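The values are calculated or read from the model by the stated rules, or taken from the named source; none is laboratory data. Please read all numbers here as calculations on a predicted model, not as lab measurements. Cβ sites come from the backbone with ideal geometry, for glycine too, and all protein chains shown count toward neighbours. For the accessible areas, the whole protein counts, side chains as well, though only heavy atoms, and no ligand, DNA or RNA atoms are used. Shrake-Rupley method; radii C 1.70, N 1.55, O 1.52, S 1.80 Å.
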Amino acid sequence: MLDCLRRGGRLCATRRQRVFILAFLLALGLLHPFVTLDNHIKKAAQKQKPEISTDSTGFRTTWSSNVTLSNSAVRLHQMSSTNSSVRAPDAQQNKEIALVVLAATRPEVHQLVRQLVAQKPDSGFRIMISLDGTEKQTNEVLQQIETPEVKLLRLSDDKSHKFKPSSDTYVKIARHYLRVLDHLILKLNYSYVVLMEDDLLIAPDFYQYFSSLRRALDSDESIFCVSAWNDNGQIGLVTEDPQLLHRTDFFPGLGWMINRRHWLQVRKVWPKTQYDDFLRLYMLNNRLVCVRPELSRTFNIGRNGGRVSSGKNGYSSTFYHNYLSRMAQNSFNVTLLDSSIDKVIGRSADIKLEKFARSLPVMNVSTLLSQPKPPSAVRLRYDSAEEFIGIAERIGAIPEVWFGAPRASILGISVMSLRRTRVYIVPDKRLPITKKILTPEHVRKKQKKDPKKKNDSKKKVVTKKKQDPKQKKDYKKKKNLKKQKDQKKKEDPKQKQDPKKKHNLKKQKDQKKKEDPKKKEDPKKKEDRKKKKGSKNK
């Protein structure tokens, strides 16, 4: 048959040989792609050989899967992995984190920018400064700072947002944030933006903090932002653990990071003014949280900025000195561990915290402060916003409740440290979400204006007297008698006489007295009466 094939099929005269040759050729053509596919899979398997390593005992250990897959199964696995629900990152999106300093009228912004440039890592971050204003001193300072490492943005001339002119500072700030985030996320395609005010300073591990917590933003949809600030991070109220992280449903600000997904949702309802108040209500209504540290990674130097100087919402000029100037800041260059990051991912962390806090023994503030050796963990209870403000004032925390949530709290629970004791301030029931901001000054004003609270003691005394059943009966009888008299007066026609009739009756009586002869005295009686008087005088 081979000789026949070499010479050509036509030389093979027999019919059987021709049929056999055709079948052989067909079989070769059909089997060829399968053979080549098998060889290709074998080559790929040889490239992905298991790694061989040695453990501490010296034995060689190899990694292998529990189930050996066939060639077809390997092919199917490769196809399914390419069509999975997890999308690959867009090639056009910028992988770096945009760090923006929002500047306006503070020339001391150069302190922050110099720190950012000095501590900036080789890759992963892009420093920018967005100037909103025409103040000469600030402009001159920023022009000197502008370098290839620091990019200066002037978005006030951006015509994509049509705003009406306004002199309100809070309106300008809200517009500034909207312009910056739209420019960086929608135009420059950044996926993460860190926003900094111009009156802050940073810790040594500032960059490492945000780059590590980027994973938490991506993996947990309930995390709205990552903040470098702890509102209750005053010296004496925090531990010295830089690895400790918390979840809070109170928007902290003062150095915070947001990603593309959350900004695309928030920008649809972005407010015209008071952006920070809006974000606090937005987070509470949508059950969102921010990740905050135990030790702050930023420090506020704005003694004369924002609401501190204006006195709005109960702030006084001493607010900075009483609270913000006493903030404890991390002074070490720390790399966050994966275990500490995992503890703040997922809503289960909030449930665990609440269960643990409610299981702790209850203690009063006065006993906690007076005990020489308090326990390691304690629960302080409060039933209202006014009660929480009283506790916070005694401890030294910021005594404020915004929209039903204390500062730096989660589910109404505030966590602090006091004399090596972990203090959990827990509400009996979570306060309702409102649009009110309560401070100590608001509480005192309410107590002065509210007359009900002043008369509470009087009301209590009255209620005690009414509890006597005999007094109740006598009081009811008197009331009934008065009612009956009033009804008789209304029904009695004699008592309802006109004044004219009364006057006529008097006249008639007088005339009768004059005309009546019986009433005139006899002369004899007069003489007798005179005699009696004379005898008496003698």
*Assess whether S376 counts as being within 28 Å of I223 (Cα to Cα) and among the small types (G, A, S).*
no
*part of a helix (DSSP H, G or I), within 30 Å of A328 (Cα to Cα) and β-branched (V, I, T) - does that describe any residue in region 151-171?*
yes
_Tell me whether region 185-194 contains one or more residues that are surrounded by fewer than 21 Cβ atoms within 10 Å (Cβ to Cβ), part of a loop (DSSP other than H, G, I, E, B) and of a type outside the set (S, T, Y)._
yes
*Test: residue in region 409-423 that is modelled with pLDDT of 95 or more, surrounded by fewer than 20 Cβ atoms within 10 Å (Cβ to Cβ) and more than 15 Å from L368 (Cβ to Cβ)*: yes
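Taking the options P204, P242, name whichever one is open to solvent by 10 Å² or more (accessible area, probe 1.4 Å), touching a residue at least 60 places away in the same chain (Cβ under 8 Å) and within 24 Å of the chain's Cα centre (by Cα). Explain how you work it out, then say what you get.
Details: P204 fails: within 24 Å of the chain's Cα centre (by Cα).
Going through P204, P242 in turn, just one is open to solvent by 10 Å² or more (accessible area, probe 1.4 Å), touching a residue at least 60 places away in the same chain (Cβ under 8 Å) and within 24 Å of the chain's Cα centre (by Cα): P242.
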*Go through region 347-372 residue by residue and tally those that are in contact (Cβ under 8 Å) with a residue 60 or more places away in the chain, open to solvent by 80 Å² or more (accessible area, probe 1.4 Å) and part of a loop (DSSP other than H, G, I, E, B).*
1
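Consider region 208-226. How many of its residues are open to solvent by 10 Å² or more (accessible area, probe 1.4 Å) and part of a helix (DSSP H, G or I)? Can you show your working first?
First, the residues of region 208-226 that are open to solvent by 10 Å² or more (accessible area, probe 1.4 Å): 208, 211-212, 214-215, 218-221.
In the following step, the residues that additionally are part of a helix (DSSP H, G or I) were identified as 208, 211-212, 214-215, 218-219.
Number satisfying all stated conditions: 7.
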_Inter-residue pairs, beta-carbon under 7 Å, first closer than 13 Å to G233 by Cβ and in region 323-344, second part of a loop (DSSP other than H, G, I, E, B) and open to solvent by less than 10 Å² (accessible area, probe 1.4 Å), 6+ apart_ = Y323/I398; M327/G233; A328/G233; Q329/A203; N330/A203; N330/D205; N330/R297
*Just need a number here: residues in region 136-156 that are more than 33 Å from the chain's Cα centre (by Cα) and open to solvent by 60 Å² or more (accessible area, probe 1.4 Å).*
9
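Identify, please: which residue in region 258-291 is open to solvent by less than 10 Å² (accessible area, probe 1.4 Å) and closer than 17 Å to D231 by Cβ and is, among those, farthest from the chain's Cα centre (by Cα)? If you could, list the steps in order and put the result at the bottom.
Going through region 258-291, the residues open to solvent by less than 10 Å² (accessible area, probe 1.4 Å) turn out to be 258-259, 262-263, 266, 279, 283, 289-291.
Adding the requirement that they be closer than 17 Å to D231 by Cβ leaves 279, 283, 289-291.
On the way: L279: 7, M283: 5, V289: 6, C290: 8, V291: 11 Å.
Here the answer is V291.
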*Do you know which of the residues in region 364-383 that are of a type outside the set (D, E, K, R) and modelled with pLDDT of 95 or more is nearest to T439 (Cα to Cα)?*
Y382
_Checklist (1) farther than 29 Å from D428 by Cα; (2) open to solvent by 40 Å² or more (accessible area, probe 1.4 Å) applied to I341, failing item_ = (2)
